[in-house]
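Worksheet: the structure to be examined is printed underneath.
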Amino acid sequence: MLLERAGSLVIIAEKLANVDDAGQLVLVSGEAGVGKTALVEAFCRDYAPGSRVLLGHCDDLFAPRPLGPLTDIAHACGGPLQDALQAGDGPGAFDAFLEELSLPPRPVIAVIEDIHWADEATFDLIRFVARRLRRLRCLVILTYRDDLDRDHPLRVALGDLVESNVTRIQIQALSLDAVQAMAGSSAVDPAALHSATGGNPFFVAEVLAGGGHTLPSTVRDAVLGRAQSLSSSARDALDAAAILRDGSDAHLVSAVAGTAAAAVDECVAGGFLDDATGELRFRHDLTRLAIENAIPPVRRRRLHAQALESLGDDGDLTRRAHHALAADDANAVLHLAPLAAAQSTVLGAHREAAALLGGAVKYADLLPPDERAALFEARARACERIDDKDEAISVGREVLVYRRSVGDPTQLAVWLTWLGGVGMSAGTVEARNNVIEAITLLTPQGESADLARALAALARQHMMLFESEDAIDVGRRALDMAERLGQDEIAIHAEDTVGSAMTDLGDDAGFDILRQNLARCLAAGLDEDAARACFNLAGGLNLQYLPRLAAPYIEQGIAIATAADLPSALAGLLAQKADTAFLEGHWDQAVEQAQDVLQHVGPLNVGRLWVLATVAWVRVRRGDPDPLAPLEEMLAMAETIGFDPEPTIHLVKVEAAWLTSDPARAAVEFSEALETSSWLSSSLYRGQVALWSRRLDVAAPITPLGEPFLLHLAGRYREAAAVWHERGCPYEEADALGDSSDEADLRRSLEILQRLGARPRAAQVTRRLREIGVRTLPRGPRATTQASPAGLTTRELQVLALLCEHLSNSEIADRLVVSPKTVDHHVSAVLSKLSVSNRREAVAAAIALGLSPQNGEGPTTT
């Protein structure tokens, strides 16, 4: 009997009815035992008769099976999907799965249970399918627990699912009336039962199944109490099934438990196990957990050891490695974990590969030095792939110690180059020294691919530090050497660096090199390099204040990164998209995109500096509260990773002080900025520095670049504004006009600034107009006349509605499945746009504008 779920069933049925227009994705969440699986099973049975149902499960293993649910589906479907998985062809498996979703009878319903236990490759599969829903005609249902840790990777995966045809259903606990209905004629007091169980259907059912004469304090007590009714051999079988996890056959359970098949049958008859699919599964995972956790540690290790032996050499590698780790079998772990990690890597489950290798590292002292170094090297590379740069560098240093002890200069140099590249992306201090040492070791040996790679790495380091001339010089050496040796991939990397450094110097020939490099990458099928070329083209154009020209490369790069499932490249391109939106004056969009990027890159990723700077610029120019908070995180990052803050930090502070009528502070900040001279080669900053030098009367030893800056400094404000307008940079256009003394220019400046919401600069221009005698001025757009009240974005409206429910930032983060830091930024933006100083005033403003939940509005979902 399924109680209080009719509304959810109707919603899913409506989504199924809509698949003829576009595929639908339904996310079903709730606490353990609340009835997510029961809901999905009831829907498939009662609302979708005749539909083809594909069912996959995620498992609670030390490291989940790579593409585990897809493997389940492949066992049932066979064909190209199974062939691709057996061949280790992850992309081919994704494409084959799309074909399965399109086969008759239609519509197809794909169900993946317990995605909170999914591996990284399965998260990629979910994103892959979600991005293609509009051309599919199927219903995809995912279930998961909603009590996730803040750093759980599912939070990030769910944050990516923003399509309009994604529906979220949260299953709530049962009411007292429903518990009373379940209790029926039982002697148990329904109110006491509801209070003890919190209305959790599973716990209610377990108590009632146990007779209901006493109310156990935990689910564990209820399950174990009921299990006492089984024979001793059946309890042994239940223990074996618990450590084997779901999906095992009766023969394996019997072998591990050392019992007859009848013992397994008794577990099925008792309602603990279900064999409807031909594989044994617990009726509920809470049952399995209760049974497993009650097994004494020594017996548990023996059962895992027996499971490892019973699985034999043909068993699934990840499952075998899981049992080896649980059995504390060092030799088996050292043999199986690297093999399972390699398999996971091939299928794109990099996080799982890193976890498996991390488990093996605990036993590394048992290996001879060369094998130990190989294990650490694999672990370091796996951590680098999942953006865990800190661990990658830490483990990489262990490898470096070994490489030095062996005395092979070539192998030492190769590892120094790798470690230097990872270190630079995380900003570690020794990164450059590592690469320079590698070059020193390799140079006496003459030209080689290893030397060309090290030179290319050094060139990239120069570029990242705005040492553009050095980057071009070293990059050309690497490029020439790589081409002589026929090392195309190294040549592409070096050419990319040279082109990027040239654009930093304002040399337009650099764009030609980058375009040539992009064509070369596309021709060679190098998706990751092509996405990087798009990123650098867009970045160079944004540095030249040419966002309209940057936009097509960003979209091309996003398409490449999306199709090839390159999350790191995608995050970088989205950061460029945020910068483009900022330059074009779409500030709300820029902040939202920046916050999305911040959720997807690691805490030590240098890319965070870029988007934090974008957020800071917007806050300063809008006059938001606490505008420099993002800079504090940037500086904290810089201290942690040993990477000099970008000059943007200084320039944001200069502008912030100037806009708040503190020219003395602005001059001090500007003088401090000039002390960081290496970045003055960048054309982006030279124009800005020249302008601030004039405004603050502080000498700067540079020659300004860029036509609009030159026109502005020459007092040809209207001409400068025309160039900025042509480039699509409205704030810069208004800023140039705002320095004019002409009333028409100033009015035009004020109009643009008010439209942008640039309150501090608008106030300066207003004062300037009054100084020249103008008395009648526009008030700017009223909140009630804007398309969105108070100019709030969709996400900000959601946050405001939750503020009206008096939720904390942490609670709002849980509700919206975002990070608390993201909520902090949104709350600050809401306060600023509503012109209030605290949350209480924001709630009052929401009520006045009709935006509070009591007025019929609430947080929306996609």
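The values are calculated or read from the model by the stated rules, or taken from the named source; none is laboratory data. In this text the structure is predicted, and so the values were computed from the model without any measurement. Virtual Cβ from ideal backbone geometry, glycine too; neighbours counted across all protein chains shown. Note: areas computed on protein heavy atoms with side chains; ligands, DNA, RNA excluded. Shrake-Rupley method; radii C 1.70, N 1.55, O 1.52, S 1.80 Å.
Sort out which residues of segment 804-846 are at pLDDT below 75, farther than 23 Å from Leu161 by Cα and assigned to a helix (DSSP H, G or I), and write them in order of number.
Scanning segment 804-846 gives a single hit, Ser832.
Which of the following residues is of a type outside the set (D, E, K, R), free of Cβ contacts under 8 Å to residues at least 60 places away in the same chain and in contact with a Lys or Arg (Cβ under 6 Å, 6 or more places away or on another chain): Leu311, Leu280, Leu334, Leu317?
Leu311
Only one of (1) within 23 Å of Thr503 (Cα to Cα); (2) open to solvent by less than 40 Å² (accessible area, probe 1.4 Å); (3) at pLDDT below 95 is not met by Val474, so which one is it?
For Val474, the exception is condition (3).
Just checking, which of Val435, Val414, Val401 is on the phi < 0 side of the Ramachandran plot, open to solvent by 10 Å² or more (accessible area, probe 1.4 Å), touching a helix residue (DSSP H, G or I) at 6+ places or on another chain (Cβ under 7 Å) and not basic (Lys, Arg)?
Criteria check complete, one pass: Val414.
Please go through segment 178-191 and give me each residue that is surrounded by 14 or more Cβ atoms within 10 Å (Cβ to Cβ) and among the small types (Gly, Ala, Ser), ordered by number.
Ala178, Ala181, Ala183, Ser186, listed by residue number.
Going through segment 429-469 one residue at a time, which ones are under 28 Å from Leu543 (Cβ atoms), charged (D, E, K, R) and not in a helix (DSSP H, G or I)?
If the condition is that a residue be under 28 Å from Leu543 (Cβ atoms), charged (D, E, K, R) and not in a helix (DSSP H, G or I), then Glu467 is the only one that fits.
Of all residues being open to solvent by 10 Å² or more (accessible area, probe 1.4 Å) and in contact with a helix residue (DSSP H, G or I) (Cβ under 7 Å, 6 or more places away or on another chain) in segment 14-28, which is modelled with the highest pLDDT? Just the residue, please.
Only one residue fits best here, namely Gln24.
Specify which of the listed residues (Asp83, Asp60) is in contact (Cβ under 8 Å) with a residue 24 or more places away in the chain and open to solvent by 20 Å² or more (accessible area, probe 1.4 Å).
Answer to the selection: Asp60.
Kindly check whether there is at least one residue in segment 600-613 that is at positive phi and surrounded by 22 or more Cβ atoms within 10 Å (Cβ to Cβ).
no
Quick check on my filter: what residues within segment 506-524 are in a loop (DSSP other than H, G, I, E, B) and open to solvent by 50 Å² or more (accessible area, probe 1.4 Å)?
Passing the criteria: Asp507, Asp508.
Cβ contacts < 8 Å: first residue within 21 Å of Trp610 (Cα to Cα), restricted to segment 453-477; second residue open to solvent by 30 Å² or more (accessible area, probe 1.4 Å) and in a loop (DSSP other than H, G, I, E, B), any location; separation 6+ or different chain. Result?
From residues that are within 21 Å of Trp610 (Cα to Cα), the pairs are Leu465/Asp644; Ser468/Leu505.
Can you list the helices (runs of 4 or more DSSP H) lying wholly within segment 1-98 that have 1 or more residues being among the hydroxyl-bearing types (Ser, Thr, Tyr)?
Here the list reads 6-17, 36-46, 68-77.
Just checking, which of Ala260, Ala205, Ala227, Ala222 is hydrophobic (A, V, I, L, M, F, W, C), more than 21 Å from Gly35 (Cα to Cα) and open to solvent by less than 50 Å² (accessible area, probe 1.4 Å)?
Ala227
If a residue must be surrounded by fewer than 20 Cβ atoms within 10 Å (Cβ to Cβ) and either touching a strand residue (DSSP E or B) at 6+ places or on another chain (Cβ under 7 Å) or acidic (Asp, Glu) (or both), how many such residues does segment 722-738 contain?
So the count comes out to 1.
Where the second residue is at pLDDT below 90 and open to solvent by less than 10 Å² (accessible area, probe 1.4 Å) and the first is closer than 9 Å to Val652 by Cβ and among the charged types (D, E, K, R) and lies in segment 608-619, which pairs have Cβ atoms under 7 Å and are six or more apart or on separate chains?
Cβ pairs passing all conditions: none.
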